[in-house]
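Colleague: I have a structure here, written as structure tokens, and I will follow up with some questions on it.
The values are calculated or read from the model by the stated rules, or taken from the named source; none is laboratory data. Everything quoted here is computed from the prediction, not taken from an experiment. Accessible surface areas use protein heavy atoms only, side chains included; no ligands, DNA or RNA. Shrake-Rupley method; radii C 1.70, N 1.55, O 1.52, S 1.80 Å.
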Amino acid sequence: MTSSTAKTAALGIALTAAISGAHANPIDQIRPDAPALAAFGDLPIGVQTLEVTIPGSIDVLGIEGNTVPTYDRPLTLEVWYPAAPDTPQGGTYRAMIRDGATEVTLTGRAMRDATPATGARYPLVIISHGYPGNRYLMSHLGENLASKGYVTVSIDHTDSTYSDQAAFGSTLLNRPLDQAFVLDHMASLDGPLGALVDADNTGVVGYSMGGYGALVFGGAGVTQASTEYSWGTPNGLLAQHMAMSDSHEALMDPRVKAIIAIGPWGNNAGFWDTNGLAGLRVPTLLMAGGADDVSVYDAIRGIFDGAVGTERHLLTFDHANHNAAAPMPAPAESWTPVEGLDFVPFEHYADAVWDSVRMNNIAQHFATAFLGQHLKADGDAATYLDLIPNAGDGLVDLDDNGTPTEDHTYWRGFAPRTAKGLRFESKARNE
């Protein structure tokens, strides 16, 4: 895409927003101080919306007594993918915000329904939002990774979006099942879009309850106690995800090669014990705010310490709360109070200490390195994860040409002074 084409596309977005009276709300910003791998890749991006159904799903909301009905569970998917060369870049999304009633315009780089690229297959990345959320909450990551050679698919989880938030027990049961179904669906997809998908190399990215689902999907079976909570999934049905059960073992999928769990919920409420966490068998990157009081930072550290069955990392944003890394920047329309919520919707997206774009860029950087290592066998990507634990302890030591010396320990990919407030820890399998 030429510079003039890019400018024309950007001008079109701005004019569309101005005419409609809507705010632009960009999801694709890269700050000048972003770490190296946050930058968008060279591939143009397309986006499509797919409607799918999971047949024979348990209808958790319809359970009465011992009667357990089933239904065809609908899911809406947003799929970003490498597009044909010279595809113009720039487009808009219409998305609901946290109140479930206000629709806003988001702007990004992907071209709606663009012709897919040909001649190559790309690893699949499944993106799973929190409770509640929607498929656009991590759209910044969906676009960014697609530009680097991934097919990314973000799910609207039924009973868990801003518009249809319902009983929590449905989310507990269905989150890993939704992720597993979407993997199968994308693997069997026909046509030009399906031809792009390398489902044998799949990553799952989940935020909050999406992180819970990803960990269950990756092998961390839940406790007996969690199947019996009065506020959880009724009739003991969550037992199908219980550690060391045949049903949970059947959920595992060897095509899943990497998991990124951001602020994962569950360990704070007793959903895992030593055996459950040890069952996690997929390389995992955890991201968390050091002051998370929703999923609880110490509980997230407990996942990091207890998942001895696999290699794992923990990226910590010091002083950040539950909104660390995952949510897109708060849309302008969310900054004012709305009817039906006892808080300003802004609080659902933003952090009191960290800038959202800054956190998104850091998440994009580490996701690029981690997924590159495990889904693309990129040996150089792993070097961005070989870091001293506390970035603040890093030493900047460059020669006259700006090349790091042997004494240089500052985090690779971060310019001097830009990694303050971050920690990155790693553990090997059985450690």
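Colleague: Using the C-alpha atoms of the chain, what convex hull volume per residue, in cubic angstrom, is computed? Walk me through the numbers before you get to the answer.
Modeller: Details: hull volume 63.0 nm³, N = 431.
Looking at the chain, the number lands at 146 Å³ per residue.
Colleague: Which whole-number percentage describes the relative contact order of region 224-379, with Cα contacts under 8 Å and a sequence gap of 6 or more? Intermediate values should be presented prior to the final figure.
Modeller: Numbers: 233 pairs, mean separation 28.5, N = 156.
Averaging sequence separation for qualifying contacts and normalising by length gives 18 percent for region 224-379.
Colleague: Right, another one. Any chance you could run the full-extension gain for residue 163 through residue 420? It's 0.36 nm times the residue separation minus the Cα-Cα distance, nm to one decimal.
Modeller: Taking 0.36 nm per residue and subtracting the Cα distance, the gain is 88.7 nm.
Colleague: Quick one: order 308, 216 from most to least accessible surface, probe 1.4 Å.
Modeller: 308, 216
Colleague: For the chain, with every protein chain kept in place, what is the accessible area per residue (1.4 Å probe, Å²)?
Modeller: Values: 16970 Å² over 431 residues.
Heavy-atom SASA per residue in the chain reads 39 Å².
Colleague: Turning to a different aspect of this structure: Between region 255-326 and region 114-153, how far is it from one alpha carbon centroid to the other, in angstrom?
Modeller: 22
Colleague: Taking each pair of distinct Cα atoms in region 219-314 once, what is the resulting Kirkwood hydrodynamic radius in Å?
Modeller: Evaluated over region 219-314, this radius sits at 13.7 Å.
Colleague: Dividing the alpha-carbon radius of gyration of region 31-141 by 2.2 N^0.38 Å (N being the number of residues), what value is obtained?
Modeller: 1.37
Colleague: Something else now. Please find, in a Gaussian network model of the chain (springs between Cα atoms separated by less than 10 Å), the residue of 169, 402, 149 whose mean-square fluctuation is greatest.
Modeller: For the chain, modelled as a Gaussian network with Cα springs under 10 Å, the answer is 402.
Colleague: For the chain, list the DSSP H helices whose alpha carbon atoms reach 20 Å or more along the long axis and whose average Kyte-Doolittle value is -0.5 or above?
Modeller: Span-like helices, by this rule, are 3-20, 168-187, 356-375.
Colleague: With a 1.4 Å probe and all protein chains kept in place, how do 148, 257 rank by accessible area, largest first?
Modeller: Highest to lowest solvent-accessible surface, that is 257, 148.
Colleague: Using only helices, what value at 222 nm comes out for the chain when you add -39,500 (n - 2.57) per DSSP H run of length 4 or more and divide by the total residues, to the nearest 500 deg cm²/dmol?
Modeller: -7000 deg cm²/dmol
Colleague: What are the ³J(HN,Hα) couplings of region 340-354, residue after residue, when phi is run through the Karplus curve with 6.51, -1.76, 1.60 and θ = phi - 60°? Round to Hz, x for glycine and proline.
Modeller: x, 10, 8, 9, 6, x, 3, 5, 6, 10, 9, 10, 6, 10, 9
Colleague: Would you work out what percent of the accessible area of the chain, with all protein chains in place, is carbon or sulfur (probe 1.4 Å)?
Modeller: Of the solvent-accessible surface of the chain, carbon and sulfur hold 52 percent.
Colleague: Given the options 146, 299, 220, which has the most mean-square fluctuation in a GNM of the chain, springs set between C-alpha atoms less than 10 angstrom apart?
Modeller: Result: 299 has the largest fluctuation of those listed.
Colleague: Do you know the relative contact order of the chain, to the nearest whole percent, from alpha carbon pairs under 8 angstrom that are 6+ apart?
Modeller: Relative contact order here is 14 percent.
Colleague: If you rank 113, 253, 355 by how much accessible surface each has, with a 1.4 Å probe, what is the order from largest down?
Modeller: Final ranking, largest accessible area leading: 113, 355, 253.
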